[in-house]
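The values are calculated or read from the model by the stated rules, or taken from the named source; none is laboratory data. Source: prediction; values computed, not measured. Note: ideal-geometry Cβ built from the backbone for every residue, glycine included; neighbour counts use all protein chains shown. Areas reflect the complete protein model, heavy atoms only, side chains present, ligands, DNA and RNA absent. Shrake-Rupley method; radii C 1.70, N 1.55, O 1.52, S 1.80 Å.
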Amino acid sequence: MFDTICAVATPLSAGSIGIIRISGEKSFEIISKIFDRKIQIGMINHGWILNNKNNEKLDEVIVLPFKNPKSFTGEDVIEIQTHGSPVIIREILNLVLKNGARLASRGEFTKRAFLNHKIDLSQAEAVLDLINAKTSKTASLAANNLSGTLKNEINNMRENLIEILAKITASLDFPEDVAEVEYAEILAVLEKAQTKIEKILQNARCHNVLREGIQIAIAGCPNVGKSSLFNALLNIQRAIVTDIAGTTRDTITENIDIDGISATLIDTAGIREGDIDKVEKIGVENSKSVIDNSDIILCLFDGSKGLQKEDTEVFQLSETLKKRLYIETKQDITGKTQQMQETNAGYTAENPIIISSKTMYGIENLKKAIFNEIIGSNVEDSGFLTNQRHQEALRKALEHIEIAKNAAQQEELQDLISIDIKSALLSLGEISGEVVNDEVLDHIFESFCIGK
Ligand code: GDP
């Protein structure tokens, strides 16, 4: 049994309501000391919070009581909905603290939900992913994880491995009564698990990008149409567009959603050397560093002039290993039409993406190309998200499954095979949190906010 914790669950700024959460065995005792009515379980309770020194009314509130185990944390939980005044919220929080609760640490409510077996570790992590999701796609995948999609996927795999392990163990322990398990049967289970894990890991990069987002730099000589493309991708007039070279002196940043990927789009100052003023020089230096830190560079050149030597020089300023898409602008002047790509060869300077920011020609195609370049065109929607921790555990599990599979193919002693199946199970157990140490737990919950 843990002690009683409390925290403000809403942002501490003026708003319509504020929520204070209390969890632990003293929750009901504490609320009975500071609320002017008797709490009715299973009801929405309306009344006043009273300062227990002088019975002064602090705020008119709604109290939601949750009796264990039917609560988020699995403990007795009280939620007090106050008016959204930071002063009132703090006063009520202090009152709760004075009456026997302690301030919760980051993510402690969710940690308790995990420790009390209300959710597994992948679901606890999903809470954080859901809160931090930058696109509706990521939010929806995180919600799937929270509802147990990843948990079920891993549990199914574990159940099959546990079943075959039990059969092997029984035949080893009772050789007279239980026949040796057919190697073909062991192999079939291991192959199934291997295929499943490999499939999940194939999507690892996609999952990382969905969770973390990407940075896209728009690069090119002055006046090629960088700011216009920036505005076209955002669908608003954010960057200033003029025909005076050097108008964009600083980098401008906005977030956009590219098919569910959260992307930070950066319009770099036109990169040109030579006779430029001091301010523009700083802008150019900034642009170079932005380009170096980006995941993908959109290399723009003016279609009405064709690819110039200066364009190529600008593109060469970025690392050669960077992902790039070559883009020919101002299609409305050239009238060129896009030759659709039949392969995933990428768009080169010779075969660029053709766009017009004026008419929006090719803008959707460009978004698709960015998605394909970053994630690949063959990703399947797995319906859930994995993070680096899950991927690491899956890789370890895969290693053991491969060793066990090789051993089964060679018809080695089943005792030996069972050791690797057990190790694979332990690795898979890390995902759900069945096998996990305190350090990992602390690390996960430290990234939560207080009150969650
Ligand atoms: P930047 O210096 O690379 O950011 O270029 P801007 O976006 O400021 O554009 C430079 C000039 O090219 C402006 O006069 C724009 O109106 C013009 N321009 C940009 N994109 C297009 C386009 O798609 N079609 C046409 N016709 N003009 C464009």
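Just a few scattered comments:
- Label point distance in nm, E191-Q308, each placed 7 Å from Cα along Cα→Cβ: 6.2
- The packing ranking, built from the mean of other Cβ atoms within 10 Å per residue, places the peptides 212-225, 68-81, 172-185, 94-107 in the order 212-225, 68-81, 94-107, 172-185, highest first.
- In a reduced charge model with +1 at each Lys and Arg Cβ and -1 at each Asp and Glu Cβ, the chain shows a dipole moment near 2000 debye about its Cα centre.
- Using C-alpha pairs below 8 Å separated by at least 6 residues, the relative contact order for the chain is 16 percent.
- Unsatisfied cross-links (Cα-Cα over 26 Å) in the set K57/K111; K67/K137; K137/K199; K196/K322; K134/K322; K367/K396: K57/K111; K67/K137; K196/K322; K367/K396
- Relative contact order of segment 51-160, pairs being alpha-carbon contacts under 8 Å that are 6 or more residues apart, as %: 18
- Assuming charge only on the beta carbon of Lys and Arg (+1) and of Asp and Glu (-1), the dipole of segment 22-174 about its Cα centre is about 320 debye to the nearest 20.
- Taking the convex hull of the alpha carbon positions in segment 344-452 and averaging its projected area over all directions gives 13.3 nm².
- In a fully extended conformation the segment linking K396 and I131 would gain 92.5 nm over its present Cα-Cα distance, using 0.36 nm per residue.
- DSSP beta bridges in the chain [antiparallel fraction, %, rounded to 5]: 60
- One equal scatterer on each Cα of segment 127-177, no solvent, Debye formula: the resulting log10 I(q)/I(0) at q = 0.19, 0.21, 0.28 Å⁻¹ is -0.67, -0.74, -0.93.
- Solvent exposure of the chain as accessible area per residue, Å², 1.4 Å probe: 50
- In whole angstrom, segment 35-103 maps to an equivalent ellipsoid with semi-axes of 20, 14, 11, each derived as √(5λ) from the alpha carbon gyration tensor and ordered largest first.
- Residue among T138, M43, I363 farthest towards the positive dipole end of the chain, charges placed on Cβ: M43
- Using just its DSSP H runs of length 4 or more, each adding -39500 (n - 2.57), the chain gives a mean residue ellipticity at 222 nm of -14500 deg cm²/dmol after division by all residues.
- Per-atom-type breakdown for the chain gives carbon and sulfur 50% of the accessible area (1.4 Å probe, protein chains only).
- Span from the segment 23-96 Cα centroid across to the segment 132-180 one, whole angstrom: 40
- Fraction of C-alpha pairs exceeding 33 angstrom in the chain: 57 percent, rounded to a whole number.
- Rh by Kirkwood over Cα pairs, then Stokes-Einstein D for segment 98-205 at 0.692 mPa s and 37 °C, µm²/s: 191
- In segment 1-84, the ratio of gyration radius to Kirkwood radius, Rg to Rh, stands at 0.95 when only Cα atoms are counted.
- Calculated FRET efficiency for the pair Q215/E364, C-beta based, R₀ 22 Å, to 0.05: 0.55
- Once the Cα-Cα distance is subtracted from the 0.36 nm per residue extended length, the E254 to I419 segment shows a gain of 54.2 nm.
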